[in-house]
Amino acid sequence: MLKGKVAVVTGGSRGLGEAIVYKLASMGADIAIVDIGDPALADPVCAKCEQEYKVEAKAYQCDVSNFDAVKEVVALIKADFGTVHILVNNAGITRDGLVAMMKEEDFDKVIAVNLKGAFNMIRHTTGLFIRNREGCIINIASVAGLMGNAGQCNYAASKAGLVGLTKTVAKELAPKGVRCNAIAPGFIATDMTGNQTENPLLKMIPLGKMGEADDVAEAAGYLVTAKYVTGEVLRVDGGIAM
């Protein structure tokens, strides 16, 4: 289905990113993982892609919040794979705290990684998409960006910003054959969310349980093949934000 396509996934060595990598690889896409950590940490993920799904996979170290570093890593990916067809902006961090006590650096860092990082990746891959006359961008937002969440003003603001970025990019690039959508996960069991069993918000989920990383990955698999869908924010949240 995606044979011959190249997918870049930021934050793809674990959690949601890892699940999305496996989904796209299972559909035939070659994989470039971009992560801030040691590329060796992604070796098991790349190995599974190559051995189980028979696709090419390689990891790159990059701080997505750094504009120039992203330019360099996209150039490396182009040199190794030839081009890029799919971009999944999944890299994200949290620095939670109440707004009255939040440190400036905690606000700035979350915005820099979660929102500016997505912009940087889009900015430096757009030329490849336009030359290909095709492209699919998926930004991993959050229901926190749709409904807010106490103690996460920085995270919610970054994810709300991703929604605006998604819709604007979708409008700008549609004439070039490039689609841009967002996925807004709810409470998904990952290393980042940790143990949420006592979180009172769980009682607000109509489906009554946390989601799994594969639920988000399935949404990504749909969006990469949904040729007539752009500018959409697809909630994967058990109904909490409806």
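FYI, it's all coordinate maths here, none of it is from the lab. The model shown is predicted, which means the values in this text are computed figures rather than measured ones. With ideal geometry, Cβ positions are generated from the backbone for all residues, glycine too; neighbour counts draw on all protein chains shown.
Check which residues have an amide H placed less than 5 Å from Leu87's amide H, if you skip close sequence neighbours.
When sequence neighbours closer than 5 places are left aside, the close amide H contacts are Val8, Cys136, Ile137, Ile138.
Got a sec? How would Thr225, Thr125 order by Cβ neighbour count within 10 Å, fewest to most?
Thr225, Thr125
Distance check, please: which entries in Lys5/Lys167; Lys109/Lys176; Lys5/Lys209; Lys58/Lys109; Lys78/Lys167; Lys3/Lys71 exceed 29 angstrom between their Cα atoms?
Lys109/Lys176; Lys5/Lys209
May I ask you to evaluate 6.51 cos²θ - 1.76 cosθ + 1.60, the Karplus curve with θ = phi - 60°, for each residue of the range 72-77 and list the ³J(HN,Hα) values in order in whole Hz, giving x for glycine and proline?
Working through the residues one at a time gives 5, 6, 5, 5, 5, 4 Hz.
Pairing the Cα long axis of helix 213-225 with the longest principal axis of the chain, what angle in degrees results, from 0 to 90 and rounded to the nearest 10?
It is inclined by approximately 50 degrees.
Could you work out how far helix 117-132 tilts from the main Cα principal axis of the chain, as a 0 to 90 degree angle to the nearest 10?
Result, in degrees: 30.
Short version: ³J(HN,Hα) in whole Hz for each residue of the range 54-69, in order, from phi by Karplus 6.51 cos²θ - 1.76 cosθ + 1.60 (θ = phi - 60°), x for Gly and Pro, what are they?
Along the range 54-69, the couplings run 6, 10, 7, 8, 8, 10, 9, 8, 6, 8, 5, 6, 9, 4, 5, 5 Hz.
Pick from Ala174, Ala182, Ala118 the residue whose mean-square fluctuation is largest in a GNM of the chain, springs joining Cα atoms under 10 Å.
Among Ala174, Ala182, Ala118, the largest mean-square fluctuation in the Gaussian network model of the chain belongs to Ala174.
For a quick check: with amide H placed at 1.01 Å from N, whose amide H comes under 5 Å from Gly97's, ignoring anything fewer than 5 positions away on the same chain?
Gln152, Cys153
Return the aspartates and glutamates within reach of Lys227: Cα separation strictly under 13 angstrom, same-chain partners fewer than 8 residues apart disregarded; answer none if there are no such residues.
Once the sequence-local aspartates and glutamates are set aside, what remains near Lys227 is Glu134.
Below 8 Å, C-alpha to C-alpha, sequence gap of six or more: please give me the relative contact order for the range 25-169 in percent.
22 percent
If I fit a long axis through the Cα atoms of helix 15-26 and take the longest principal axis of the Cα atoms of the chain, what angle between them do I get, 0 to 90°, rounded to 10?
With both axes taken from Cα atoms, the answer is about 30 degrees.
So who's got an amide H within less than 5 Å of the one on Val236, skipping anything under 5 residues away but keeping other chains? H placed 1.01 Å off N, in plane.
Correct list: Ala184, Gly186.
Which order results if Lys78, Lys116 are arranged by neighbouring Cβ count within 10 Å, fewest first?
Lys78, Lys116
Using only DSSP helix segments of four residues or longer, with each worth -39500 (n - 2.57), what per-residue ellipticity at 222 nm results for the chain after dividing by its residue count and rounding to 500?
Helix-only estimate at 222 nm: -13000 deg cm²/dmol.
Quick one: order Met1, Met27 by neighbouring beta-carbon count within 10 Å, fewest to most.
Met1, Met27
Run the dipole for the chain about the Cα centre, Lys and Arg Cβ at +1, Asp and Glu Cβ at -1, nothing else charged, and hand back the magnitude in debye, nearest 20. Provide the component values of the computation, followed by the final result.
Working: 25 positive and 27 negative charges, 197 e Å.
Using only the charged Cβ atoms, the result is roughly 940 debye.
By its C-alpha gyration tensor, with a ≥ b ≥ c as the square roots of the eigenvalues, how is the range 100-242 shaped: rounded for a/c under 1.5, else prolate for a/b larger than b/c, else oblate?
oblate
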